[in-house]
1. Taking the Cα of HIS358, stepping 7 Å toward and past its beta carbon, and measuring to each backbone N in the stretch 119-147: which are under 19 Å?
2. Does the stretch 168-223 come out rounded, prolate or oblate, given a ≥ b ≥ c as the square roots of the eigenvalues of its C-alpha gyration tensor, rounded meaning a/c under 1.5 and, failing that, prolate meaning a/b above b/c?
3. Let me spell out the model: positive unit charges on the Cβ of Lys and Arg, negative unit charges on the Cβ of Asp and Glu, origin at the Cα centre of the chain. What dipole size does that give, in debye rounded to 20?
4. Rounded to the nearest 5, what % of the DSSP beta bridges within the chain are antiparallel ones?
5. For ASN292, what is the net charge nearby, where nearby means another residue's Cβ is under 14 Å from its Cβ and Lys, Arg count +1, Asp, Glu -1?
6. How far is helix 141-150 tilted, in degrees, relative to the longest principal axis of the Cα atoms in the chain, given as a value from 0 to 90 rounded to the nearest 10?
7. By how many degrees, between 0 and 90 and to the nearest 10, does the Cα long axis of helix 56-70 differ from the longest principal axis of the chain?
8. Let me make sure I get this right: for the stretch 271-364, a, b and c are the square roots of the gyration tensor eigenvalues over alpha carbons, sorted descending. Under 1.5 in a/c it's rounded, otherwise prolate if a/b > b/c, else oblate. Which is it?
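Only the coordinates and a few stated rules stand behind these numbers; no lab work does. On a predicted model such as this, the values are computed, not experimentally measured, just so you know. Note: ideal-geometry Cβ built from the backbone for every residue, glycine included; neighbour counts use all protein chains shown.
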Amino acid sequence: MKRRDFMQASLVGGASLMLSGCRRDEKESIKSTNINRGKKTKLTLATSWPANFPIMGTGIESFAKRCLELSGGTLDIKVYSKDVLVPALQVFDAASSGQIDAFHSGVYYWKGKNSAFSIFGGVPLRLTSDEMMTWMDFGGGYELWKETYAKFNLYPHIGGTTGPQMGGWFKKEIKSLDDLKGLKIRMPGIGGEVLQRLGATPVLLAAAEIYTALERGLIDASEWVGPFLDNMMGFPKIAPYYYKGWHEPGSILEVTFNKQKWDKLSIEHQGIIEAAAREMSVKINEEFRYKNALAYSELEDKVEIKELPSKVMDAIKIALNGVLHDEAEKNIDFKRVLKSHEDFYRLNKKWDDISTKHFLNIRS
Ligand code: CA
């Protein structure tokens, strides 16, 4: 909107013009949604989490409840926890084939399908949760996500963000690059590839296996999420050093639908799912922040918080650029999505540095 139009619209006459415009749009939209109003729809949704798993598991249950409430009981989404209908990490394939209608999971799990998906999940040392949401909504991220998921017959929505994750639990301190050589660490995604370039051995382990592997020394270190969920896993009992994060600044969760099922839903039901998914996303992010803050206040005197030495971080930055560059050469989707992500990162960084980062620095 040009300045003159904005000033005009701010006057009483302009405002009433805008209002009458809104009413017309509203009427049209109500008319179109009446077509499917009242039609009962049942959908199956599988998750990658155990039943009632804190934050993610309870979040998706609330989402289904909200869909039922907001639709006057016509949109009934039945949530199945992991391994009931399909194993935790087969929900993507099951929704793609139509075996289930939808799933709630983490986007970074699917980089084997298309490496570009790891960018929608989150990139080390790049966008935080808030920034990821803005990139999705205003920086072109969501359009690219829908486009690349359509090739797999899927239609995604943001289904939560974890906020900043911690760097993980280590049995030994990392004092130099040499300490990374041969280090067996559970770290999925791009972060694991970066450490591999620096001589570490990333190990893929499902959540349930991490504690025993770390306790028995089968691995030397493991990342998981943050203070709240990490403490529940019992990591403080078996690894003394808790490192600050670098690999997951704000990972995105998803609530994704089989595309044919999505396209057949009424506009009303689609709108309810979009609104309830956004509500869940915001609340999951808030709940992570609150519970991590509480858990950290109890943990801070019991564990040693560490930061990787600057020389190690410098090497990580170089290795990360190498991983991103090489993948972009191999996969055109990765290249396009990375460009959009990096363009927004550079644009927003300048603004965030003088605003959010400034406030965080000056408050005491
Ligand atoms: Ca993690």
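1. 131, by backbone N distance to the label point.
2. oblate
3. Once rounded to the nearest 20, the dipole reads 700 debye.
4. Roughly 45 percent of the beta bridges in the chain run antiparallel, per DSSP.
5. -3
6. 90 degrees
7. 0 degrees
8. The shape class here is oblate.
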